[in-house]
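The values are calculated or read from the model by the stated rules, or taken from the named source; none is laboratory data. In this text the structure is predicted, and so the values were computed from the model without any measurement. Glycine gets a Cβ as well: all are built from the backbone with ideal geometry, and neighbour counts include every protein chain shown. Please note that ligands, DNA and RNA were not included when accessible areas were found on the heavy atoms of the full protein model with its side chains. Shrake-Rupley method; radii C 1.70, N 1.55, O 1.52, S 1.80 Å.
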Amino acid sequence: QVQLVESGGGLVQAGGSLRLSCAASGSIFSINVMAWYRQAPGKQRELVATITSGGSTNYADSMKGRFTISRDNAKNTVYLQMNSLKPEDTAVYYCRVFAKGFTGWGQGTQVTVSS
């Protein structure tokens, strides 16, 4: 069984920073892509960023320059460093993992940015 455990969400003022983490544990092998998505109230879940096992990254346009995705392959962990946060970044953030024989979502972590 595979578990994806997220941490690092919280309440922050506009302009502040947060770092999210998502650790995969259990019977998981050959993780290819790790990604972050987010879902704001009343909106569809949207892609934030992806990172491959080789370190290639991709970002949604609105996050470029503010968010940085990274990963530690030895720890099966993906991170999202979020800087210059805006109230519109308020959402539940989910990690997603694509591995050999497994694709899954984390439980989500709430990020709230106050103005």
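Before moving on, here are some points about what is shown:
- Test for LEU85: is it in a loop (DSSP other than H, G, I, E, B), buried (at least 19 other Cβ atoms within 10 Å of the Cβ) and in contact with a strand residue (DSSP E or B) (Cβ under 8 Å, 6 or more places away or on another chain): yes
- The residue that is modelled with the lowest pLDDT, counting only those in region 15-39 that are exposed (fewer than 14 other Cβ atoms within 10 Å of the Cβ) and part of a loop (DSSP other than H, G, I, E, B), is PHE29.
- Residue count for region 40-49, restricted to those that are open to solvent by 30 Å² or more (accessible area, probe 1.4 Å), touching a strand residue (DSSP E or B) at 6+ places or on another chain (Cβ under 7 Å) and without any contact (Cβ under 8 Å) to a residue 40 or more places away in the chain: 2
- Complete set of residues in region 1-20 that are within 13 Å of TRP105 (Cα to Cα) and touching a residue at least 40 places away in the same chain (Cβ under 8 Å): VAL2, LEU4, VAL5, GLU6
- Per-region count, region 52-79, residues surrounded by 14 or more Cβ atoms within 10 Å (Cβ to Cβ), aliphatic (A, V, I, L, M) and more than 10 Å from the chain's Cα centre (by Cα): 2
- Neighbours by Cβ (under 7 Å, 6+ apart or cross-chain): first from region 72-100, under 21 Å from GLY42 (Cβ atoms); second aliphatic (A, V, I, L, M) and in a loop (DSSP other than H, G, I, E, B): LEU85/ALA14; LYS86/ALA14; PRO87/ALA14; THR90/ALA40; ALA91/ALA40
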